[in-house]
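Only one structure is covered here, and it is reproduced in the block below.
What follows draws every value from the coordinates through simple rules; no lab data is involved. As the structure is a computational prediction, the values presented were derived from the model and not from experiment. Here Cβ is always computed from backbone atoms with ideal geometry, including for glycine, and neighbour counts include all displayed protein chains.
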Amino acid sequence: MRVTRSTAFLGLVLFLAALGVLAGLDATRRSLGAEARFTANRALARWFIFTDPCLFTDARYTRHPSLADRHSPFQDYPLALEHFPSGSLIPPPEHLAAAPRGDAPPNPGSGRR
Amino acid sequence: MTAGSHRHLRIIAYVVGSLRRRWRKNVAVVLVYGFVIFTLASVVFLTQSLRREAVAALQGEPEIMVQQLRAGRHGLTSIGDVAALTRIVGVREALPRLWAYHTDPASGETLLLRADADSPPGDREVSAGAELLRRRGLAVGGVLRLQGQTGEPLDLTVSGVAETATPLESAALLRVSRAAFRALTGMPDGQATDLALRVRNRRELPTIAEKISQAMPSARPIIRDELVRTYASVFNWRSGVIIAALLVPILAFILFAWDKAAGLSPDERREIGILKAIGWETSDVILLKVYEAVAVSLAAFVLGTLLAVAALALPQPLTVLPALLGWSTLYPPFRPAVALGAYQVTTLFFLAVFPYLVATVIPAWRAATTDPDLVMRA
């Protein structure tokens, strides 16, 4: 039988699709196997009272964003610009993002009470 | 007028006509290509402006700053440490500094409190950056309410506009007396935020930093020149990340422009064939296409660059700015002073004009070197 180009192409597509399915099966097997490790990690996190997973290790405020504050990124010198690489990958968490607060004390000198 | 320049003028006159004949295609290419240039130029210009801003802010800082670390965090420094530091050879003077960040109770933004030794305001007074006063709607004589360390409100009278060197300082600086500073931050007497060291010879900075680490193992010496280098690389890194994120749309637009520009339409082919048949040289046709490409890409470059410069002055900054600033968005909003470097503009220029030139001239050259009869029939 003569192999035409379209047959070869179809064969390649089928081969790649089979590889994709195999990769999916392998991932399922591995994640099922890792369940024991996850359980141990969960217990450890509870015991240490961990706040959030550490995704970056370079800056303190991006390491545990839930524990970050409005001041720690700028401690090098007055009005330092934040300069860790992870700073642009994780923005400040919502509870820190600067936004006007309704319960702010009125500014007595501004005439805007 | 020489024959050479006469030839160029005639070709340019023909180019104007030809651009006008295909104005729809040319306008589309200029718009799309101009948008690509605008995106790249915005990132490049903002990066340059921020780098300039960071370096300008550091100009006023001392050569070395010494901070204490407590449990891995920034801790307060004892004023008594000054004596140990001034004993190090090469250190001209060491000054304790009082500065801290303060969360603006009205906006939740991070402000800077500074208590300097020279001409401080009175204990119930504050002098603030012009932009900060403007945003709070305050004038000299007005009252600024801040929150003390224990939560009680502290009213300070605005005694003047503080002198500031950068837009960020203008938006975030509050100068107070030492007593007011301690009331606002709870910093005990005898302690300071950090120590500022003035050094005689800049070449000795690494040696002095090493001696500081030996004399005070818990201290962290910060060398100003190293910070300048850090800022240069971090902003380059961030602009690279942004351009990488924008790469897919940019590439799509480039492909669109390339396709419009590079693929000679049958009309254009026929035109080249006719020009050759009526006696144009191959060099004339190539010159014609070069002029066309330069006109279109230059228009796109000027449009994109001008739009990027105009966007720097918009009241609402582009989304690129927060991405470049990272966590510095916790400060009050500020616009870095516009800084356009010749290097950046030149790079953009070559990025805009050169690929376009190659994309259009090569197909035209191939068409021009083929037999006119074949080209016209194709």
Karplus 3J(HN,Hα) series, Hz, for segment B:130-135 with 6.51 cos²θ - 1.76 cosθ + 1.60 (x for Gly, Pro): 4, 5, 4, 5, 5, 5
Amide H contacts of residue B:331 (H built 1.01 Å from N, under 5 Å, at least 5 apart or other chain): B:110
Positive-pole candidate from B:167, B:84, B:255, dipole of chain B, charges at beta carbon: B:255
Relative exposure of B:376, B:65, judged by other C-beta atoms within 10 Å (fewest first): B:376, B:65
Cβ-Cβ FRET estimate between residue A:41 and residue A:18, R0 fixed at 56 Å, reported to 0.05: 0.95
Neighbour-count ranking [beta-carbon atoms within 10 angstrom, fewest first] of B:173, A:14, B:133: A:14, B:133, B:173
Contour minus Cα-Cα distance for residue B:365 and residue B:307 (0.36 nm per residue): 17.5 nm
Most mobile of B:333, B:317, B:188 in a GNM of chain B (Cα contacts under 10 Å): B:188
Set of aspartates and glutamates with alpha-carbon distance to residue B:276 below 19 Å, sequence-local pairs under 8 removed: B:267, B:268, B:284, B:292, B:371, B:373
Exposure proxy order (Cβ contacts within 10 Å, fewest to most) of B:268, B:292: B:268, B:292
Selected from B:356, B:291, B:343 as most flexible by GNM, with chain B as the system and alpha-carbon contacts under 10 Å: B:343
Options B:327, B:12, B:354, ranked by Cα towards positive dipole end of chain B, top entry (Cβ charges): B:12
Whole-Å semi-axes of the ellipsoid equivalent to the protein assembly as shown (Cα gyration tensor, √5λ, descending): 58, 33, 23
For chain B, calculated [θ]222 nm from helices alone, where every DSSP H run of n ≥ 4 adds -39500 (n - 2.57): -19000 deg cm²/dmol
Förster radius 60 Å - calculated FRET efficiency between residue B:189 and residue B:290 (Cβ-Cβ, nearest 0.05): 0.20
Separation between Cα centres of segment A:3-31 and segment B:47-92, rounded to whole Å: 59 Å
